[in-house]
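The values are calculated or read from the model by the stated rules, or taken from the named source; none is laboratory data. Quick caveat, the model's predicted, so the values are computed rather than measured. Positions of Cβ are generated from backbone atoms using ideal geometry, with glycine treated the same way; all protein chains shown enter the neighbour counts. Only protein heavy atoms, including side chains, enter the accessible area calculation; ligands, DNA and RNA are left aside. Shrake-Rupley method; radii C 1.70, N 1.55, O 1.52, S 1.80 Å.
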Amino acid sequence: MSPRTNESATSDAEEATPDDTSTVGATEAPGGEERVAAVRRLSASQRSWRAAQLAACVASLAVALTAGSIALGAARDGGASTVAAAPSGLSPQLLAGGDLDASITALQAHLRAQPKDFGGWATLGLAYVEQARTKGDPSRYPQAQQALDRSLKLRPDNESALAGRAALAAARHDFTGALKYADQVLEENPYSERALCSRIDALVELGRYDEASKAADVADSRHPGVPVFTRYAYVHELRGDVTTARRVLRQALGTATTRGDIAYVATALGQLDWSQGEYDTALQYYARALGADDTYLPALEGRARAQAAQGDRAAAIRGMEQLVTRYPLPQPLVELGELYDARGKAGDARKAREQYSLVDAWVSLARANGVNADLDTALAAADHGDHEAALKAARAEWARRHTVHTADALAWALHVNGRDAEALPYAREATATGYRNASFLYHRGMIERATGHRKEARAALKSALDLNPGFSPLGAREARKASEAVK
């Protein structure tokens, strides 16, 4: 489904009146309860409707969620999200939910009074991309695009709107487009912080790590600050240089002054420490992030993940349940499902299946709003869904970009389909940069075991468990069993 352009509401920006803005900026974004209910309704429909009926349902759902509002977003691994992207190029000052929502409300009111303000439309588009990233609502992307298109119609090639298009393209996992728009901005303004950050993100997500490293160096020389520091750290983390990544993030946290900056950087440090098995310090960073913004989703998710890794499953389940009740995103849905499966109480198997089905609903919603969700599909379906669908999605994503994350997803999808000889080169490619990811090592170890490389399998599985023994409620358990079997 292609995003609507809302041409009927914005057909002539030069003749716009306050009434013209009513369909794109007058109302608030749907509340968390409405979004969750919509995803759950779609999940139910997937279990009972034929494919044609589902397509109509997805389209109707997208319209229902977006009617009368203008809003949207992106992610980092998890990211969100998504999956491996660093946070968006919007100022981290707006990451605090209250500040961002208040800013959007003020911008909407301003644009009803001043509909020809191209800068205001660009800022609104950027803010909606960020709001969707932090609140996990892909139904907002078409409205973000409307705001940015409106800005460019009023003032073609203006820097803010092009930077917004880069952020929106990245949010939709169109990283080639994100790179194109970022480069357009940098041709006019080589010091644009948003464009410098978007360029790093796009190169990382396209698997062009050497270029991303150079871009991070350039950005650091031109516009040092929290958004650049966090990306600089992530580029080093992808190469296995955790020491530099941690040092740069600590430097960034030391310079952070706003609530948004503190939540953003402290969470990045928490994620890094969790990935290295340092759960106590990870929880300290998550506490600091939530002290700055107690609604910050990545910190809430990270805290629950670290609690699970420490063995406090009850607290982890409570935290994840609260999170997905408000924002049913793929990664926390899968994590909560696995926590139920690992606990194994009466009714937990059913609860787990419900979480996995909601991932399918979210993916349908995302695709209906222009998001490429193949990586999300491959990762979730390989462990908890249709194995053939997982492989199809992983192959499609690999055709678009060669990253460590897409290599790992394709390797694992091939493995669960019994094609381990094909999987092995991809599993080894996923770990070739030195990126210290326990899940990747676990996948590699299982594939090496299946192909008869017992020594290599033993080393990879041991490395995964030594690095991060609680990397996954189910994966870590399976890694321990396999490690014992290959001794």
| said: Please compute the Kirkwood hydrodynamic radius of region 198-257 from all pairs of different C-alpha atoms, in Å with one decimal. | reply: 11.3 Å
| request: Along Cα→Cβ, 7 Å out, is where each label goes; now give me the distance between the ones at K180 and A432 in nm to one decimal. | output: 2.8 nm
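May I ask you to derive the relative contact order of region 358-481, considering only C-alpha pairs under 8 Å and at least 6 residues apart, and to give it as an integer percent?
Values: 162 pairs, mean separation 19.2, N = 124.
So the answer I get is 15 percent.
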| note | Listed by chain and number, the lysines with an alpha carbon less than 28 angstrom from that of K481, same-chain partners under 8 positions apart left out, are K345, K351, K455, K462
| task | With θ set to phi - 60°, apply the Karplus curve 6.51 cos²θ - 1.76 cosθ + 1.60 along region 109-122 and write out the HN-Hα couplings as whole Hz, x wherever there is a Gly or Pro. | result | 5, 4, 6, 5, 8, 10, x, 9, 7, 4, x, x, 5, 5
| task | Using a/c under 1.5 as the rounded threshold, could you call region 336-409 rounded, prolate or oblate? The axes a ≥ b ≥ c are square roots of the C-alpha gyration tensor eigenvalues, and prolate needs a/b larger than b/c, oblate otherwise. | result | prolate
| region 344-487: projected area of the alpha-carbon convex hull, averaged over directions, in nm² | 9.0 nm²
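Compute the normalised compactness of region 129-233: alpha-carbon radius of gyration over 2.2 N^0.38 Å, N being the residue count.
Details: Rg = 13.4 Å, N = 105, 2.2 N^0.38 = 12.9 Å.
So region 129-233 has a normalised radius of gyration of 1.04.
Just check region 234-291 against the gyration tensor rule for me: Cα atoms, a ≥ b ≥ c as the square roots of the eigenvalues, rounded for a/c under 1.5, and otherwise prolate or oblate depending on whether a/b exceeds b/c. Don't skip to the end; give the middle numbers.
Details: a/c = 2.42, a/b = 1.30, b/c = 1.86.
It comes out oblate by the Cα gyration axes.
Over the Cα atoms of region 267-310, what is the Rg over Rh ratio if Rh follows Kirkwood?
0.92
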| request: Go through H402, H236 and list them by solvent-accessible area, largest first, probe radius 1.4 Å. | output: H402, H236
| Separation of alpha-carbon centers, region 180-229 and region 280-339, rounded to whole Å | 30 Å
| Hey, rough spin-label estimate for Y191 and D386, points 7 angstrom out along Cα→Cβ, what's it come to in nanometres? | 5.3 nm
| R480-N417 pseudo-label distance in nm [points 7 Å out on the Cα-to-Cβ vector] | 3.2 nm
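How high is the relative contact order of region 227-349, in percent, counting Cα pairs under 8 Å that sit 6 or more residues apart? Let's see the in-between values first.
Details: 136 pairs, mean separation 18.2, N = 123.
Relative contact order comes out at 15 percent.
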| field | For region 141-151, 3J(HN,Hα) per residue [Karplus equation, 6.51 cos²θ - 1.76 cosθ + 1.60, θ = phi - 60°, Hz, x = Gly/Pro] | value | 4, x, 6, 4, 4, 4, 4, 5, 4, 4, 4
